[in-house]
1. Out of the residues in the range 74-99 that are under 15 Å from the mean Cα position of the chain (by Cα) and closer than 20 Å to Tyr138 by Cα, state the one that is surrounded by the most Cβ atoms within 10 Å (Cβ to Cβ).
2. Under the condition of being among the basic types (Lys, Arg) and at pLDDT below 95, which residue from the range 40-75 is nearest to Asn124 (Cα to Cα)?
3. Just to check your reading of the model, which residue among Leu73, Leu101 is of a type in the set (A, V, I, L, M, F, W, C), without any contact (Cβ under 8 Å) to a residue 60 or more places away in the chain and assigned to a strand (DSSP E or B)?
4. Of all the residues that make up the range 104-140, how many are without any contact (Cβ under 8 Å) to a residue 60 or more places away in the chain, surrounded by 15 or more Cβ atoms within 10 Å (Cβ to Cβ) and over 22 Å from Pro65 (Cβ atoms)?
5. Could you tell me whether any residue of the range 108-121 is closer than 23 Å to Gly32 by Cα, modelled with pLDDT of 95 or more and β-branched (Val, Ile, Thr)?
Amino acid sequence: MTTSRLHIKLVCSLALVLMAAATGTAFASSQGNHSDIGRILFRLKANAVICAMGRDSKTLVCFRPANGATARLPRKGVATAKIVAANRGIPARAKTAPVLLKGHTYRTSVYRCTVKKNDARCTNSANHGFQIGKDAVYRF
């Protein structure tokens, strides 16, 4: 009885995947797909908060990778905040994003984000916004 090499490789690969999944070191991140995140603008130290433009380029999206707490701020209007499971984990492209340090400000024509300790406070042109950090999300 002969067993093809392809069959043996397939069984070995399946065993490795199952072992990696059982130990929590899976090859692909099972955290989230970050489907609503477009271009990443900046991040805070230790990736506590990551801010990006939305896919539609009409909203600022900041989220905590630890639990998926997400705040969205349109160009005009009030911010919304909720837990989004797809925003859990750190996207691969966030590792090259610039780190915004305490006391520094990120500005565009519409948005302004300032870092205070481990929190990012962002406002739009209508002075509505949010403050997101390791502990909570506040809207104003």
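The values are calculated or read from the model by the stated rules, or taken from the named source; none is laboratory data. All figures in this text were calculated on a predicted structure; none of them were measured in a lab. Counting neighbours? That spans all protein chains shown, and the Cβs are built from the backbone with ideal geometry, glycine included.
1. Taking the range 74-99 first, the residues under 15 Å from the mean Cα position of the chain (by Cα) are 81-99.
Pick out the ones that are also closer than 20 Å to Tyr138 by Cα and you get 81-85, 87-88.
Numbers: Ala81: 18, Lys82: 11, Ile83: 13, Val84: 20, Ala85: 11, Asn87: 26, Arg88: 21.
Going through the qualifying residues, I end up with Asn87.
2. Start the filter on the range 40-75 by keeping residues that are among the basic types (Lys, Arg), which leaves 43, 45, 55, 58, 64, 72, 75.
Those left that are additionally at pLDDT below 95: 45, 55, 58.
Numbers: Lys45: 23, Arg55: 18, Lys58: 11 Å.
Across the range 40-75, the extreme among qualifying residues is Lys58.
3. On the way: Leu101 fails: assigned to a strand (DSSP E or B).
Only one candidate passes the filter, namely Leu73.
4. Within the range 104-140, residues that are without any contact (Cβ under 8 Å) to a residue 60 or more places away in the chain, surrounded by 15 or more Cβ atoms within 10 Å (Cβ to Cβ) and over 22 Å from Pro65 (Cβ atoms) number 4.
5. no
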